[in-house]
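Inspection log for the structure reproduced underneath, given as structure tokens.
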Amino acid sequence: MKRLYILSLLLFAGLFSLAQQNVTLNINHMLGANPFQFGTAAATPSGVEFTVSRCQYYISEITLIHDGGTETMVPNTWIFADAAQTTTLALGSFPVTMLEGVKFGIGVQPAYNHLDPTTYPNTHPLSLKSPSMQWGWSSGYIFAAILGNSGPSFSNSWDVQGLDDANYYHATVNTAGMMMGQDLMIDIYADYQQALRGINVSTGIVIHGASGAARTMLQNFRDFVFSATMATGVQTPQTAAFSIAPNPTTGHTRLIVDASTESNIIVYDYIGRILKTVQPVAGIADLDLAVAGCYLVALQQNGQTIATKRLVVAQ
């Protein structure tokens, strides 16, 4: 009986260890269906054209939702997200069998929002930043800052920065993630067109603070910016469909598109740099990518991106 008890304990421990997953979070910076790039013209949901010259924000209290609604918070972890840079963070190892989603705060949680940023080493997300992300001792950190130009010839500048404990919101993205070897990869997409939903930037505005457009922008980050799939814009089934196989791949893959329509395939890395441009021949395009990672493959027709897919290159 004792041996059976010990065997049961060992079996339970073995099952528990198998459930431990190394979890990595990727935030893919987007402007609608396209990878984010500074200076690229985009349009707000109401149709106002704009460009972005700065987009930075904080993420706090990252929580994994898994196995029937269990919530496991990643301890002592913050992200300073800059749309100009790749945002990938190894969160650690957690007992996750089935991921159901990820939840996180937009900004810095109240317990840390009013601490001295000079006490953190330079590499820490909450350290001093340039341009500044600190409003002052009383108000704390600027949770999100997004600014750029709009109007005729993009001659009007706009600048929206949101802060305040009362505006610290949580966003939730429902996703199962993807296993890559022994690692669970969580890809989420951040569409900064949606950050300006309900905000009129056509004539240029400057709103810094805790109310008005600043609060609306933070609520947009909570409700509309983040998703488990990328935006694809307006599509028609006849032109938007294309396939990638194998995906994931170890380097070589093939794309098949509608051979009757002239199109280009654009391959981006996840900071928006164009790596390859391929024109399919008879509806077929072969790709070779030597570096492991996640890529964005866009199908373009008449200079417009009409569909996108993620491509994973494994080790």
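Neighbours of Thr97 by Cβ distance under 15 Å: Lys/Arg scored +1, Asp/Glu scored -1, total -4.
Cα to Cα, under 14 Å, and not fewer than 8 places away if on the same chain: which aspartates and glutamates meet these conditions relative to Lys129? Cα-Cα hits under 14 Å: Asp82, Asp116. The distance between label points at Ser138 and Lys276 comes to 5.7 nm (points 7 Å beyond Cα on the Cα→Cβ vector).
When the charge dipole of region 69-185 is built from unit charges on Cβ atoms (+1 for Lys and Arg, -1 for Asp and Glu) and taken about the Cα centre, the candidate among Pro75, Asn156, Leu91 whose Cα reaches farthest toward its positive end is Asn156.
Over the residues of the chain, the helix contribution to mean residue ellipticity at 222 nm works out to -3000 deg cm²/dmol, using -39500 (n - 2.57) for each DSSP H run of at least 4. Full extension of the chain between Ala290 and Ala228 gives 19.7 nm of extra length, using 0.36 nm per residue less the Cα-Cα distance.
Of the labelled figures (1) 79, 49, 25; (2) 82, 63, 32; (3) 75, 40, 31, only one reflects Cα extents along the principal axes in Å as derived from the coordinates, namely (2). Taking label positions 7 Å along the Cα-Cβ direction at both Ala210 and Thr172, the computed distance is 2.6 nm, reported to one decimal. Heavy atoms of the protein chains alone define the surface here; on that basis the chain has 48 Å² accessible area per residue at 1.4 Å probe size. Centre-to-centre, using Cα atoms only, region 140-212 and region 15-76 are separated by 11 Å.
The values are calculated or read from the model by the stated rules, or taken from the named source; none is laboratory data. Just so it is clear, the model here is predicted, and its values are computed rather than measured. Cβ: placed from backbone, ideal geometry, glycine included. Neighbour counts: every protein chain shown. These area figures cover heavy atoms from the full protein model, side chains too; ligands, DNA and RNA do not enter into them. Shrake-Rupley method; radii C 1.70, N 1.55, O 1.52, S 1.80 Å.
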